Each structure stands twice: as structure tokens, then as C-alpha cells.
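Visitor: Here it is: the structure, laid out below.
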Amino acid sequence: MKLTTSSLCPSASSEEELLESRRERSAGNDAWRALLVQSEIVDGFHSLRELCPAVSLFGSARMKPENKYYSLARRTGELLSSAGYAVVTGGGPGVMAAANEGAKSGKGPSVGLNIELPFEQEPNKWLDEELEFQYFFVRKLMFVRYSFAFVFFPGGFGTLDELFEVLTLVQTKKIHRFPMLLFGRDYWEPLLEWIRNHLEGPGFISPDDDELLELVDEPEAVLARVREFDRALSS
């Protein structure tokens, strides 16, 4: 099933027009854009309201099938879905397609929260349900609202944006502390070292803030951590 709000949006809109300070503005135009944002939020809440417990997986859209993390993402999606969890990704290629492909073989739904971009972001073919967004911040709201664990595979700016968005919300206690799993020790350890040396060292973050992030190297470890947290929530 494909759900889209693109028909409600003017052809030249999205973040570029919403945030472009040099464009001529009017109260009417800003109010209209606010309604477009609201429509995406309402559509997302309505479409995902009955989603079973969900785990969001993030990672590079550019990752190729021959990369070792591609098959690991597919296996992770398969294990989570087979355990009855919804697998939620950005709906595009690379890591997202791998996780959705794995989820397709399980019991949980394979969900894609797609974003309209001029490149890369075509919906993958492994989705049971697809939502399409124009605004990044609305899309990220849906990830956080409907997931209770987050898995970050190697990726670029988009993956880092999603990582630090969720991390900031947890650190500032805007949302409860959820498992934030960094998949791939060899990829993420240098970032954690930088956080410890350049953020925790000078006192820019609290001494235990780096403990909000957990390193994992196996799909089975992801499932075990998700199940552990799920049981704690239910007890």
C-alpha cells in the first residue's frame, strides 16, 4: 500500500522553500506551508497508528550488495521481523533495501518512510507499507514516534543526522532512553573515541552520555538487545 501527500504540496515546495529566508514571504504563504506540514503529520499518525512494536534501521543508501554490511542488515531485518517486530527504514536503496528485504520473509511488517529527493531515494521493492514525505523533520518525527529501538549501520550525513537527532532527544530527556545500537565496531568506534576525547573530555557532555550508544557486530545481538528491552517495558 502506498500513501502519499505529494498531491497536497506545490511543485516548488519542501524544505528549500520553507527555510529559504531570501524568498518573499507572506502570512498567507507561511500559513499554507504550515497546513502542508500538518497534513504530513496527520497522514503519518493515521497510517502508523496500529503499527506493532517497531525497530528503525538506518544506514547508507549508497551501500552495494557486495558490502558485508548489506547482508548483515538483511539478516537483522529478517530476525527482527521473524520475532514479530515491525522493521522501519527510510524506504530507499542500500542498507534500507537490505533490511526491508530481510523483513519481508518474517512476520512483522516491512515499512518505508520515504523522502522525496532529486537523487538516490527511490522506494525499494520490499515494502509492505510506504509513506512518502517532503519534509525531513516530519519523517524523523515518525521514526521516533513509532519505534522503541534504533539500529545504525554505516552511512553518511543522513545517517549521522538521524543518529544525533535521536541521541539529543534521549540525552535531553525529551524521549525515554531507548536502545541505540551502532552496528559495526570497526566503523563506529572512531566516532565514539572522538566523542570521548573531544566532547566528554572537555566537559561538553556528561561523563556517562557516551553510554547511550551501544556497539554491536551481529544481527543476533541486535535481536537479543531488542528483546531484552521489550521484556523490561512489559514487566
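Visitor: How would the range 192-235 be classified by its alpha-carbon gyration tensor: rounded, prolate or oblate, with rounded meaning a/c under 1.5 and the a/b versus b/c comparison settling the rest?
Guide: Oblate, because a/c is 1.5 or more while a/b does not exceed b/c.
Visitor: While we're looking at this one, here's another question. Go ahead and run the numbers for FRET between Phe229 and His46, Cβ-Cβ distance against an R0 of 41 Å, rounding to 0.05.
Guide: 0.90
Visitor: Taking springs between alpha-carbon atoms closer than 10 angstrom, which of Pro93, Pro179, Pro190 fluctuates most in the Gaussian network model of the chain?
Guide: Of Pro93, Pro179, Pro190, the most mobile in the Gaussian network model is Pro190.
Visitor: Based on DSSP H assignment, which helices of the chain show an axial Cα extent of at least 30 Å together with a mean Kyte-Doolittle hydropathy greater than or equal to 1.0?
Guide: Counting only whole DSSP H runs, no helix qualifies.
Visitor: How big is the range 45-126 on each of its three principal axes, counting only the C-alpha atoms and giving the largest first in Å?
Guide: Rounded to whole Å, the extents work out to 31, 27, 17 Å.
Visitor: If you don't mind, there's one more thing I want to ask. Can you list residues whose amide H is under 5 Å from Phe133's amide H, if they're 5+ apart or on another chain and H is modeled 1.01 Å from N?
Guide: Asn114, Ile115, Glu116
Visitor: Then there's this: I'd like the distance between the alpha-carbon centres of the range 71-96 and the range 124-171, rounded to an integer number of Å.
Guide: That distance is 13 Å.
Visitor: Using 0.36 nm times the number of residues separating Leu35 and Asp210, minus their current alpha carbon distance, what extension gain do you get?
Guide: 59.2 nm
Visitor: If you wrap a convex hull around the C-alpha atoms of the chain and split its volume per residue, what is the figure in Å³?
Guide: Convex hull volume per residue, Cα atoms: 142 Å³.
Visitor: Taking the chain as a Gaussian network, where each spring joins two C-alpha atoms under 10 Å apart, which residue of Glu214, Glu129, Glu200 fluctuates the most?
Guide: Glu200
Any read-out appearing in this document is the output of simple, stated calculations on the displayed coordinates, not a laboratory observation. Values in this document were obtained by computation on a predicted structure and should not be read as measured data. Reconstructed Cβ throughout: ideal geometry from the backbone, glycine too, with neighbour counts over all protein chains shown.
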